[in-house]
Amino acid sequence: MGTIVFLGDSITDANRLFSENGLGFGYVNQIADKLHQTNPAWEIINKGVDGFVAERLVHNLERDCITYQPDYVCILVGINDVGILMNTVTTEKERDYLLTDSIRSYHQLLFDLTNSTKAKIITLEPFIFPHPQEYANWIPWQQTLSRQIQKLSRNYGVTFIPLHNALNGQAEEQGYDAITTDGIHLTKAGHQILADEIMKAWNLS
């Protein structure tokens, strides 16, 4: 029992403002359903925001997370950072600069969380599907960002959950449309994979 705060972008948001419980229609709500079956005293807070990048999470961290002094924090952010560098600049050097900024923001995020809360923190690997094919060009940058997030997580004693290969593996087995709606966002089955991995990592399943 305790308080869990979920931070992230549209994948975490999952249209939470249009859901009755404010948790959205994705993995956060699936986790809440599972936890509340055994103990309704769990407090689940979804602070995912459509379009957010790592820097925005840092900017809103005090209001959206630290003020709650949560027992658990889950972070899924980064694919919008990759999208910006792929869609707004054209040279490798410019993309490297933007990626470095995103990594610096992620570093600040973990620094602030570990110094201002006692929460058990999970970082989820940002992911992308080569479906449509144009997203295949994003994968090298997604992989670079993921390696840096994994390294930062290790340095801060935070649990990192790899997702890109697992989700793409399921998409190859079941068909991409079974797991992703557009190459970035997830179907109900895709969200369930995230929910299961998070519950397992926190020994809550």
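Computed from the coordinates by the stated procedures, all read-outs in this text should not be read as laboratory data. Computed from a prediction, not measured in an experiment: that's the story for all the values here. Positions of Cβ are backbone-derived with ideal geometry, glycine not excepted, and every protein chain shown enters the neighbour counts.
Observations on the structure shown:
- Put in order of Cβ neighbour count within 10 Å, fewest first, the listed residues 200, 120 become 200, 120.
- Residue-averaged [θ]222 nm for the chain, counting only DSSP H segments that reach four residues, each worth -39500 (n - 2.57): -15500 deg cm²/dmol
- Per-pair calculated FRET efficiency, R0 = 45 Å: residue 97 and residue 199 via Cβ, rounded to 0.05: 0.75
- Residue-wise HN-Hα coupling along region 29-40, computed from phi with Karplus coefficients 6.51, -1.76, 1.60 (Hz; x: Gly, Pro): 5, 5, 5, 4, 4, 5, 5, 6, 5, 9, 7, x
- Region 63-205: C-alpha gyration tensor shape, a/c 1.5 cut-off, then a/b vs b/c: oblate
- GNM top mover of 153, 105, 116 - the chain, alpha-carbon springs below 10 Å: 116
- Placing R0 at 35 angstrom, the Cβ-Cβ distance between residue 188 and residue 134 gives a FRET efficiency of 0.90 after rounding to 0.05.
- This ranking places 34, 93 by how few other beta-carbon atoms lie within 10 Å of each, fewest first, which gives 93, 34.
- For 111, 6, 129, order by how many other beta-carbon atoms lie within 10 Å, fewest first: 111, 129, 6
- Beta bridges from DSSP with both residues in the chain: antiparallel share about 5 percent, rounded to the nearest 5.
- Simple spin-label estimate for residue 108 and residue 172 gives 3.8 nm between the two label positions (7 Å along the Cα-to-Cβ direction from each Cα).
- Local net charge near residue 80, Cβ-Cβ under 11 Å (Lys/Arg +1, Asp/Glu -1): -3
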